[in-house]
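Shown next, in structure tokens, is the structure this report addresses.
The values are calculated or read from the model by the stated rules, or taken from the named source; none is laboratory data. Just so it is clear, the structure is predicted and the values come from calculations on it, not from any experiment. FYI the Cβ positions are ideal-geometry reconstructions off the backbone, even for glycines, and counts take in every protein chain you see.
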Amino acid sequence: MALALFDFDGTITFKDSFGDFIVYAVGRKKFILGAILLSPMLVAYALGFIRNWRAKEIVSTYFFGGWDSRGFKTLASNYSRERLPRIVREIALERIGWHKLKEDKVVVVSASIDLWLADWCANQGVDLIATQLEMRAGRVTGRFLTRNCSGKEKVKRIEERYGLKSFDYIYAYGDSAGDRAMLDVADEKYYRWKRV
């Protein structure tokens, strides 16, 4: 059996789902206001003073900290079914379909939050490995329950769940530096949909 590993944001989609979900959840005006208020942190991130995972956690806490967890899960599920399909690349759907016809194990491996990817992945009949949000006492904290699923963490999580040696052949698809480690374990790799 072959294993097909797909990054999500920028690979399966043409738009980042993190920002897109925030706009869906709070509206464009609140998103813009939040971006302005968070701009010092975003500048620090752009300059390399704050790591990617920490910047995402700060943004997540600002927008979602304190939300009722049940309501948040419902909203994320609605986004996954209603909005997410609109930002998916046709080439990604075709390639996923090709792998499924070959009966390969298809897995989306993403730094995005699992809650807003889960229904889409289930609808496609593919597995999901992603970052998880912490929930406490029925509320979203905004912090991450798991490590941000990017870079070497992607490979670690894939290995923990499946065991790379149990597959005869591995395909990987990515579009950014956060996917390099995952691409490195593949026999056949695609970077921004070009074979490398």
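Out of the residues in the stretch 59-73 that are touching a strand residue (DSSP E or B) at 6+ places or on another chain (Cβ under 8 Å) and in a helix (DSSP H, G or I), which is surrounded by the fewest Cβ atoms within 10 Å (Cβ to Cβ)?
Ranking the qualifying residues of the stretch 59-73, first place goes to Tyr62.
Return only the number of the condition from (1) out of contact with any Ser or Thr (no Cβ under 9 Å at 6 or more places or on another chain); (2) more than 15 Å from Ala2 (Cα to Cα); (3) in contact (Cβ under 8 Å) with a residue 60 or more places away in the chain that Ala172 does not satisfy.
(2)
In the set Ala122, Ala186, Ala172, Ala137, which member is modelled with pLDDT of 95 or more, in contact with a helix residue (DSSP H, G or I) (Cβ under 7 Å, 6 or more places away or on another chain) and of a type outside the set (D, E, K, R)?
Of Ala122, Ala186, Ala172, Ala137, the one residue that is modelled with pLDDT of 95 or more, in contact with a helix residue (DSSP H, G or I) (Cβ under 7 Å, 6 or more places away or on another chain) and of a type outside the set (D, E, K, R) is Ala172.
In this structure, is Lys152 of a type in the set (Lys, Arg) and more than 17 Å from the chain's Cα centre (by Cα)?
It is false that Lys152 is of a type in the set (Lys, Arg) and more than 17 Å from the chain's Cα centre (by Cα).
Go through (1) over 25 Å from Phe8 (Cα atoms); (2) touching a residue at least 60 places away in the same chain (Cβ under 8 Å); (3) not aliphatic (A, V, I, L, M) and name the single condition Phe49 misses.
(2)
Kindly establish whether Cys121 is assigned to a loop (DSSP other than H, G, I, E, B) and out of contact with any Cys (no Cβ under 8 Å at 6 or more places or on another chain).
In short, no.
Kindly provide the set of residues from the stretch 49-58 that are in a helix (DSSP H, G or I) and among the aromatic types (Phe, Trp, Tyr), ordered by number.
Trp53
Hey, His99 hits all of (1) outside any loop (DSSP other than H, G, I, E, B); (2) within 30 Å of Arg54 (Cβ to Cβ); (3) in contact (Cβ under 8 Å) with a residue 24 or more places away in the chain but one; which does it fall short on?
The one condition His99 does not meet is (2).
Just to verify a result, which residue in the stretch 74-107, among those that are among the hydroxyl-bearing types (Ser, Thr, Tyr) and within 17 Å of the chain's Cα centre (by Cα), is surrounded by the fewest Cβ atoms within 10 Å (Cβ to Cβ)?
Selected residue: Ser77.
How many residues, within the stretch 137-153, are farther than 21 Å from Ile58 by Cα and touching a residue at least 60 places away in the same chain (Cβ under 8 Å)?
Within the stretch 137-153, residues that are farther than 21 Å from Ile58 by Cα and touching a residue at least 60 places away in the same chain (Cβ under 8 Å) number 0.
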